[in-house]
Amino acid sequence: MPKVTVDGEEIEVPAGATVLQACELAGKEIPRFCYHERLSIAGNCRMCLVEVKPGPPKPQASCALPAGEGQEIRTDTPMVKKAREGVMEFLLINHPLDCPICDQGGECDLQDQSMTYGRGVARTQEHRRAVTEKYMGPLIKTVMTRCIHCTRCVRFSEEIAGVDEIGALYRGEDMQITTYLEQAAAHELSANVIDLCPVGALTSRPYAFEARPWELKRTLSVDVSDAVGANISLHSRGREVMRALPRVNDDVNEEWLSDKGRYQVDGLSKRRLDKVFVRKDGKLAASNWNEAFGAIAAALEADKSSIAAVAGDMVDCETMFAAKTLLKACGSSLIEARQTGMTYDVSNIAAVNFNSTFAGIETADTILVIGSHVRWEAPLVNPRIRKAAKNGAKVFVVGPEWETTYPAEFLGNDLKILNRVPKALGDVMKAAERPAVILGGAALAKGALAPALKLVEKFDLVKDGWNGFNVLHMSAARMGSLMLDFTVEGGMAEIAAAKPKVVFSLGADEMDFSPFTDSLKVYIGHHGDKGAQAADIILPAASYAEKDGTYVNTEGRVQFAEKAVFAPGDAREDWTILRALADALGVAVGFDSFAELQAAMIAEVPALGEEALADYGALPKADASAKAEGEITGYPIADFYLTNPIARASQVMQQCSAELLHGDEIKEAAE
């Protein structure tokens, strides 16, 4: 490793490091606008100037200069100070200086660095440049006169998202950043350019003029819009969540977030269930907790064991454990979390886990995707596969075609390809050092899990330090429910066949309620969605932002989300509702507080007590007689923006669905 001297201190730096990275290793703060650790080096803002010897007697851009043996780097000389002041002065020549009305105010790199490195006095007397506004869709608000041409947004779109939608027009003073033909940026990671923009050129359109950063309380949470479990920070004011921003976690989401995870939060305050409802004469009428609990107890008076519970896609582990404990106390084992009716062997969770891990899939050299529209089902896994493809990995897909962001070969819709693998595919997979298979929801629904497991031996997917067999779930609650054994062997069909007198729907809005016409349907959830409309009794509960909870993502990573705000009206945290129901039914559940509930859950499943990857052991032995049948005719997600009750209640998500997917024009009131 080369040794360099930074401001008189000698340090060792990794081979291939830049001078900027060397300075950071030495603890020196180097200002920058265009440089970003996860993007290619542009070297066009010139803010990171330093003095380097040996070399020309002038400031040099440290982000684009390799660190070499024996270099003497100075970050604090008069030459460097004057150069940085000059660059900042040029950057501010055309900037509108409208900080009081800019949404970036308070968290703006240009503000911060101009305070530290600016001259404090403007010398220019020329007219400032103005740029016509650009339309980038319902999520991104543009004030392009503020743009300093750092090109972070361009590089993110091309390199990370893989969608060439943002670029530069013209040259020199006339240069402008815009979308292709000034159309909306229509990919599922588009709003990450807002976080990347170091000035106020790209800001959040739904959040415009809503709040200042110093007004907000920040709460560490987990995105439940899919099974990736992206780390987020919920920013709230009073009892309202104002926005969700990504947190850095290199193992999960790096520092990105899907547009749905970021913008569905306005749905938290719309179409909320904030009081108890009981169906009378065919219509839901406002009621109270005592009447609702009395009706449930009356329905179970003859047989307490005739009770079932179905968990939805966004339910935390504590809620499922509380429901399981309640039903066990009543003498019932009718519990299920696969609400859409899927059934597969869950005796070995390793068989339905993303075993390669998200970071590991980047190192795969051949990837076979079976029945998964990765861009919609796991938007933050798609860039990982793109990284692998950029490193030379070959990608094959079984299922209907969708627009990939990397070169991929589609092999058709017939799952019989798993029984007799084409020689061309087989040769590539067998020759790979780190082959990977990703099984999606469409394949699971067709019973492809058992036949896919035969590929483990055929393609040598499990090697020393590598497990290439992966299942990509879409539900944030799925892996947690499997760890808690919140399933029955026959799935929803078995529960329907049992004809329970009472069915609890724990936020299960995607389930089919028609087999339960003779049952008392109790909905414990937070939005007036499909589940509430089908229910006989509605017990208002808390959303993921209104309670503490444990979630497990599709790679088996246990994560804890904190409570950001209180639930509205009479709504209560789910576990407290189930605890009160236990008293109404006259059974004991063994917990009276959240701490006791969590302790009991961890005692039963110790892996849920540690925020880390759970160890599910080795993959099961494949069934040699298993055969894949049928065709994948479509994917489970029909509309990326409207997949859960919070998103369906979100005005922003509805607008995105209408404009970006269905091409509707949003008309003005006067029209």
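Per residue, how much accessible area does region 31-137 show when a 1.4 Å probe rolls over the protein heavy atoms, in square angstrom?
Per-residue value: 55 Å².
What is the helix-to-structure angle for 289-299, meaning the angle in degrees between its Cα long axis and the longest Cα principal axis of the chain, kept from 0 to 90 and rounded to the nearest 10?
Result, in degrees: 50.
Determine the relative contact order of the chain: mean sequence separation of Cα pairs under 8 Å and six or more apart, normalised by residue count, in whole percent.
14
Within the P(r) computed for the chain, what percentage of the Cα pairs occupies the region above 50 Å?
Result: 19 percent of Cα pairs exceed 50 Å.
Report, ordered by chain and residue number, the aspartates and glutamates lying within cross-link reach of Lys463, taken as a straight Cα distance under 12 Å and ignoring same-chain residues fewer than 8 apart.
Glu433
Pick out, from Thr325, Ser519, Val587, the residue whose Cα sits farthest towards the positive end of the charge dipole of the chain, with +1 on the Cβ of Lys and Arg and -1 on the Cβ of Asp and Glu.
Ser519
Principal axis extents for region 209-254, Cα atoms only, whole Å, descending order, please.
31, 18, 17
Sequence-distant or interchain residues sharing an amide H contact under 5 Å with Arg572, placed H: which?
Amide H to amide H, under 5 Å and 5 or more residues apart or across chains, Arg572 pairs with Ala541, Ala542.
Do any chymotrypsin sites (Phe, Trp or Tyr not before Pro) in region 164-272 lie in a loop, going by DSSP, with at most 11 other beta-carbon atoms within 10 Å of their beta carbon, and if so which?
Here the chymotrypsin sites (Phe, Trp or Tyr not before Pro) that fit, given the DSSP loop and packing criteria, are Tyr170, Phe209.
Rg/Rh for region 122-202 to two decimals, with Rh computed the Kirkwood way over all alpha-carbon pairs.
Result for region 122-202 is an Rg/Rh of 0.98.
Just how far, in whole angstrom, is region 644-658 from region 512-563 if you go by their alpha carbon centroids?
When both Cα centres are located, 18 Å separates them.
Against the longest principal axis of the chain, how steep is helix 317-330, in degrees 0 to 90 to the nearest 10, with axes from Cα atoms?
10
Just subtract the alpha-carbon distance of Ser269 and Ser347 from 0.36 nm times their residue separation and send over the number in nm, one decimal.
Full-extension gain reported as 24.1 nm.
At 7 Å along Cα-to-Cβ for each site, give me the label-to-label distance between Lys390 and Leu661 in nm.
Label at Lys390, label at Leu661, 2.8 nm between them.
A 32 angstrom limit on the alpha carbon distance is what I want to check against. Which of Lys58/Lys141; Lys446/Lys547; Lys82/Lys390; Lys3/Lys81; Lys387/Lys458; Lys280/Lys324 exceed it?
The pairs that break the limit, which is 32 Å between Cα atoms, are Lys58/Lys141; Lys446/Lys547; Lys82/Lys390.
When the helices in the chain are scored as -39500 (n - 2.57) per DSSP H run of 4 or longer and the sum is shared across all residues, what 222 nm value do you end up with, to the nearest 500 deg cm²/dmol?
-6500 deg cm²/dmol
How far is it, in nm, from the label point at Lys81 to the one at Thr5 when both lie 7 Å from their Cα along the line to the Cβ?
Output for this residue pair reads 2.2 nm.
Which value in Å does the Kirkwood hydrodynamic radius of region 20-84 take, with 1/r averaged over all unlike C-alpha pairs and then inverted?
12.0
Can you give the local net charge around Glu10? Use residues other than it whose beta-carbon is closer than 13 angstrom to its beta-carbon, Lys and Arg +1, Asp and Glu -1.
Residues close to Glu10 contribute a combined charge of -4.
Would you mind calculating the gained length between Glu126 and Leu284 on full extension (0.36 nm times residue separation, minus the Cα-Cα distance), in nm to one decimal?
Stretched out fully, the Glu126 to Leu284 stretch lengthens by 50.1 nm.
Tell me, what are the semi-axes, in whole angstrom and largest first, of the equivalent ellipsoid of region 423-528 as set by the roots of 5 times the Cα gyration tensor eigenvalues?
That gives 39, 14, 12 Å for the three semi-axes.
Indicate, rounded to the nearest 5 percent, the antiparallel portion of the DSSP beta bridges found entirely in the chain.
55
What does the charge count near Cys63 come to, summing +1 for each Lys or Arg and -1 for each Asp or Glu among other residues with Cβ under 10 Å from its Cβ?
Here the count lands on +2.
The values are calculated or read from the model by the stated rules, or taken from the named source; none is laboratory data. All of these numbers come straight from a predicted model, not from anything done at the bench. Here Cβ is always computed from backbone atoms with ideal geometry, including for glycine, and neighbour counts include all displayed protein chains. Note: areas computed on protein heavy atoms with side chains; ligands, DNA, RNA excluded. Shrake-Rupley method; radii C 1.70, N 1.55, O 1.52, S 1.80 Å.
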